[in-house]
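Shown next, in structure tokens, is the structure this report addresses.
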Amino acid sequence: MIPLQEFQKRPRVLTVGGGLTALEAASQLIHFGYEVLLACPEMDMEKVNSLLPGERGLPDYARNLAERLGAHGKFSFFPETRVNAVDGFAGDFQVRLTSIQKEWNESVGAIILAPELVPEQKCSACLPASSRQIISLDRLVEELSSPPAAPGVVASLKSHSYAAFLVGLTGSGGVADMAQALEAAIAIRNRLEAQVYFFSGNIKVAEEGLERLYQECREAGVVFFKFDNERPEFVRDGDRVTLQFRDPLLGQPFELTPDLLVIDSGHTLTAEMQSLAHSAQLGLDRSGYLQPGNVHFWPYGLQRTGIFAAGAAKGPQMASAAIEEGRGAALAVHQFFQGPPLEPMDREVWVDKGLCTVCLTCLRFCPHQAIGWTHRVFIHPLACRRCGICAGECPMDAIQIAGYSDPEVENRLADISALWEKEAAGDPKFIVFGCRRSAGVAWEEAHSLKLIAESQVEFIGLPCAGKVDLDFLLKALSIGADGVLVLACPEENCRSLHGNTYARERIAEAQDYLEEAGIDSQRVRFETLSSNRVWVLKDVLTDFGKKIREL
Amino acid sequence: MERIDLKKLDPDFKHRVAQELGGEHIRTCYACGVCSARCPIEKIEPEYNPRKIIRMILLGMEEALLKEEFLWHCSTCYTCQESCPQGVNFTEVIFALRNMAVRKGLAPAGMGAAQNLLCRQGRMYEVGDFENEKRQEMGLPKIKSDPKDYKHLLEKE
């Protein structure tokens, strides 16, 4: 093993972002006594306050925060600086920073990613070429916040005009967009006495004050059209765009040629941040925000220990949540530094020096980037989350995990074989391998409720379904099991991100081998199961038992 | 169904309903449909659908709505009103709509006949010798048709 003193927790934190979340996180970390580096990808400190439209009082807060921080000895500020690459492990990252003048490395113990989002015009593709009638929500908000006499689309409208808002119909449309749109709708209604029609998917009100705002809109006479799957069609006639749609409640087709058509813009991570997330293997969720859509990482975690995501980077949010997010992320970092000390882990996870050929399969498969190599492979004690995917993948079986090592599983199989020999033949015998966090929990519950009808079924828990080894499956069959079932967490719900996918792929591989050897591949089956679906487990077992009987 | 231009409807209709007694909260409806789900009339006569009626108000379909005969199907059991999470007093809204329809002369002919009956005898059903004999057997006093108060009320409109 690498000597422990070579791993360390540097009490230095890199915070990336130019908004209030990043500022607040930096300020809290200084308060906790860490050295803080703040890299703002785009803007300088003075512009920070202009980032927070619509929340009175917050710009001042941000300005004060920035001034206080700037004077602190443990604080370094890097304006217009991007993070290009992240190397190393939790507690000791090497980051590559680039500004206009230079490119350099810094060593930090933890990283908070709290970048602001940039507007994206989602609807340009779905609309006919833009017309004077159409305006993006961002621009409308800008116009509404400037004096009423200022020239612009709003100023050119007559009173009692017809306005239509399209929100969240072309993308996800989060609460922040919804709040902006509702505020703008009510402003247009009041300022121009306009007839306002609001077309959207689900009205999102799960944020402070939004329900009230929605109610105010209704009282003011804004009419809402809520669509499930369809959305209005755009019919273009010269310079005018007409919306055609069916009212979901009446089933009656309507049309409207609004004098003003407002379309929400949507917000995304900058391209640089997206490529950093990709190169540092942090993963993005389906909508392209940081933190993969996986509840196990909430609220600030990512799949790499020591790197945290905060604020709008995880999806558009209300400005009022920015401070809370910053503080939360700072606490998460503090918790990481205060958390489990660096301890040798060779009794938990070990790499057999004699067997390892440094093929680095483990390094490529580790979802947590916990594996490094010098002249041989080592596993970082802080970054490793003990999922065992590396051990499952290792072609030499050089990596072993305590409790789930090859000899231990083999012993368990031998015990099962002895047990089966004692019992009379009859029911099909099969072995279930499963993630102890999902299938394991379901199994225990099914057992205590006496739901398992099959008499000769044995369960072997694994730290993650991704640990399942080809050898395990074949050995299970060789000791007399009539079938082997592998249960993994449902898709996008694996704590180690891809453990379930790897397990599925390995089962498919095993099935190929079985076919080749002339054994029916249906004797090995892969299923997904979450911990609370005890009844599904019962059905899966019964169904598998039935299949095995047929064979 | 023919496509309707929203601009040809009357967007102020909802505000006018809101000004009627009992119609104040009509604009807060978010179309959850509890009123329709619990309405006993809707079970027999699906045309009468409180949620759809509110939707027609909000969209300003005044003409189409006020001439509908189903406005008069409501039995005023108040179930919708009792179960509305948004405080829409729908039974009161129905009264408001009926009043508006009457003002426009859109009430169905049957309603006029009923009004005449009330004017003439003070009751929807005439009390004759048969009913009075029954009352006598039960020790109740005889009833005479006396439309005075109703006449006063109904002729005002």
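For segment A:266-288, what are the residues that are in a loop (DSSP other than H, G, I, E, B) and over 26 Å from A:Cys384 (Cβ atoms)? Full working, then the answer.
Our first condition is that a residue be in a loop (DSSP other than H, G, I, E, B); within segment A:266-288, this holds for A:266, A:269-270, A:280-283, A:285-288.
Once the filter is applied, which keeps residues that are in a loop (DSSP other than H, G, I, E, B) and over 26 Å from A:Cys384 (Cβ atoms), segment A:266-288 yields A:Gly266, A:Leu269, A:Thr270, A:Arg286, A:Ser287, A:Gly288.
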Subset of segment A:236-265 (residues that are buried (at least 18 other Cβ atoms within 10 Å of the Cβ), at the interface with chain B (Cβ under 10 Å from one of its Cβ atoms) and touching a helix residue (DSSP H, G or I) at 6+ places or on another chain (Cβ under 6 Å))
A:Leu249, A:Phe254, A:Leu256
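Could you please give the count of residues in segment B:80-104 that are polar (S, T, N, Q) and buried (at least 19 other Cβ atoms within 10 Å of the Cβ)? Can you show your working first?
Of the residues in segment B:80-104, the ones polar (S, T, N, Q) are B:81, B:83, B:86, B:89, B:91, B:99.
This time we only want the ones that are buried (at least 19 other Cβ atoms within 10 Å of the Cβ), so: B:81, B:89, B:91.
Residues meeting the conditions: 3.
Of all residues in segment A:351-373, count the ones that are surrounded by fewer than 22 Cβ atoms within 10 Å (Cβ to Cβ) and either in contact with a strand residue (DSSP E or B) (Cβ under 6 Å, 6 or more places away or on another chain) or more than 28 Å from A:Val333 (Cα to Cα) (or both). Steps first, answer last, please.
Filtering segment A:351-373 down to residues surrounded by fewer than 22 Cβ atoms within 10 Å (Cβ to Cβ) leaves A:352-361, A:363-365, A:372-373.
Subset that is either in contact with a strand residue (DSSP E or B) (Cβ under 6 Å, 6 or more places away or on another chain) or more than 28 Å from A:Val333 (Cα to Cα) (or both): A:352-361, A:363, A:372.
Number of matching residues: 12.
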Residues located in segment A:205-218, provided they are within 13 Å of chain B (Cβ to nearest Cβ) and loosely packed, with under 13 Cβ neighbours inside 10 Å:
A:Glu211, A:Arg212
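When only residues in segment A:180-218 that are assigned to a loop (DSSP other than H, G, I, E, B) and among the hydrophobic types (A, V, I, L, M, F, W, C) count, which is nearest to A:Asn229 (Cα to Cα)? Break it down into steps so the answer makes sense when it comes.
Looking only at segment A:180-218, we keep the residues that are assigned to a loop (DSSP other than H, G, I, E, B), and these are A:193-194, A:201-209.
After this cut, where a residue has to be among the hydrophobic types (A, V, I, L, M, F, W, C) as well, the list is A:194, A:203, A:205-206.
Values: A:Ala194: 28, A:Ile203: 14, A:Val205: 20, A:Ala206: 21 Å.
Here the residue is A:Ile203.
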Selected residue (criterion: surrounded by the fewest Cβ atoms within 10 Å (Cβ to Cβ)) from residues of segment B:1-18 that are more than 23 Å from A:Phe245 (Cβ to Cβ) and within 10 Å of chain A (Cβ to nearest Cβ):
B:His15
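Tell me, please, whether a residue that is free of Cβ contacts under 8 Å to residues at least 60 places away in the same chain, assigned by TED's automatic domain parsing to the domain that holds A:Leu541 and farther than 18 Å from A:Pro395 by Cα can be found in segment A:465-474.
First, pick out the residues of segment A:465-474 that are free of Cβ contacts under 8 Å to residues at least 60 places away in the same chain: A:465, A:470, A:473-474.
If we keep only those that are assigned by TED's automatic domain parsing to the domain that holds A:Leu541 as well, we get A:465, A:470, A:473-474.
Pick out the ones that are also farther than 18 Å from A:Pro395 by Cα and you get none.
Within segment A:465-474, none of the residues are free of Cβ contacts under 8 Å to residues at least 60 places away in the same chain, assigned by TED's automatic domain parsing to the domain that holds A:Leu541 and farther than 18 Å from A:Pro395 by Cα.
Using the structure shown, decide if A:Ala398 is modelled with pLDDT of 90 or more, out of contact with any Pro (no Cβ under 8 Å at 6 or more places or on another chain) and within 18 Å of A:Ile307 (Cα to Cα).
Numbers: modelled with pLDDT of 90 or more: yes; out of contact with any Pro (no Cβ under 8 Å at 6 or more places or on another chain): yes; within 18 Å of A:Ile307 (Cα to Cα): no.
Here the answer is no, as A:Ala398 does not meet what is asked.
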Among the residues that make up segment A:447-456, is at least one of them of a type outside the set (S, T, N, Q), modelled with pLDDT of 90 or more and in contact with a helix residue (DSSP H, G or I) (Cβ under 6 Å, 6 or more places away or on another chain)?
no
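Which of the residues that make up segment B:15-33 are among the basic types (Lys, Arg) and within 18 Å of A:Phe198 (Cα to Cα)? Before the answer, list the steps.
Let us first name the residues in segment B:15-33 that are among the basic types (Lys, Arg), namely B:16, B:27.
Residue satisfying the conditions is B:Arg27 alone.
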From the list B:Leu106, B:Leu118, B:Leu58, pick out the single residue that is touching a residue at least 24 places away in the same chain (Cβ under 8 Å), over 28 Å from B:Asp5 (Cα atoms) and aliphatic (A, V, I, L, M).
B:Leu118
Over segment A:148-204, the set of residues within 14 Å of chain B (Cβ to nearest Cβ), of a type in the set (Ser, Thr, Tyr) and surrounded by fewer than 21 Cβ atoms within 10 Å (Cβ to Cβ) is A:Ser159, A:Ser161, A:Tyr162
Would you check which residues across segment A:223-235 are among the hydrophobic types (A, V, I, L, M, F, W, C) and at the interface with chain B (Cβ under 9 Å from one of its Cβ atoms) and list them?
A:Val223, A:Phe224
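Of the residues in segment B:19-46, how many are in a helix (DSSP H, G or I), more than 8 Å from chain A (Cβ to nearest Cβ) and either in contact with a Cys (Cβ under 9 Å, 6 or more places away or on another chain) or buried (at least 19 other Cβ atoms within 10 Å of the Cβ) (or both)? Outline the logic, then answer.
Quick first cut of segment B:19-46, residues in a helix (DSSP H, G or I) only: B:19, B:26-28, B:34-38, B:40-44.
Cutting the leftovers down to more than 8 Å from chain A (Cβ to nearest Cβ) gives us B:19, B:26, B:34-38, B:40-44.
Of the ones still in play, those that are also either in contact with a Cys (Cβ under 9 Å, 6 or more places away or on another chain) or buried (at least 19 other Cβ atoms within 10 Å of the Cβ) (or both) are B:26, B:34-36, B:38, B:40-42.
So the count comes out to 8.
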Identify the residue in segment B:103-157 that is of a type in the set (S, T, N, Q) and over 30 Å from B:Phe70 (Cβ atoms) and, among all such residues, is modelled with the lowest pLDDT.
B:Ser145
Please verify whether segment A:269-284 includes one or more residues that are in contact with a helix residue (DSSP H, G or I) (Cβ under 9 Å, 6 or more places away or on another chain), within 14 Å of another protein chain (Cβ to nearest Cβ) and surrounded by 15 or more Cβ atoms within 10 Å (Cβ to Cβ).
no
A:Pro232 fails exactly one of (1) buried (at least 20 other Cβ atoms within 10 Å of the Cβ); (2) out of contact with any His (no Cβ under 7 Å at 6 or more places or on another chain); (3) more than 17 Å from B:Arg3 (Cβ to Cβ), namely (3)
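Scan B:Lys52, B:Lys144 and give me the residue that is closer than 30 Å to B:Met1 by Cβ and among the basic types (Lys, Arg).
On the way: B:Lys144 fails: closer than 30 Å to B:Met1 by Cβ.
Being closer than 30 Å to B:Met1 by Cβ and among the basic types (Lys, Arg) holds for just one of B:Lys52, B:Lys144, which is B:Lys52.
The values are calculated or read from the model by the stated rules, or taken from the named source; none is laboratory data. Given the structure is predicted, the values throughout are model-derived calculations rather than measurements. Neighbour counts are summed over all protein chains in view; Cβ atoms, including those assigned to glycine, are modelled from backbone coordinates with ideal geometry.
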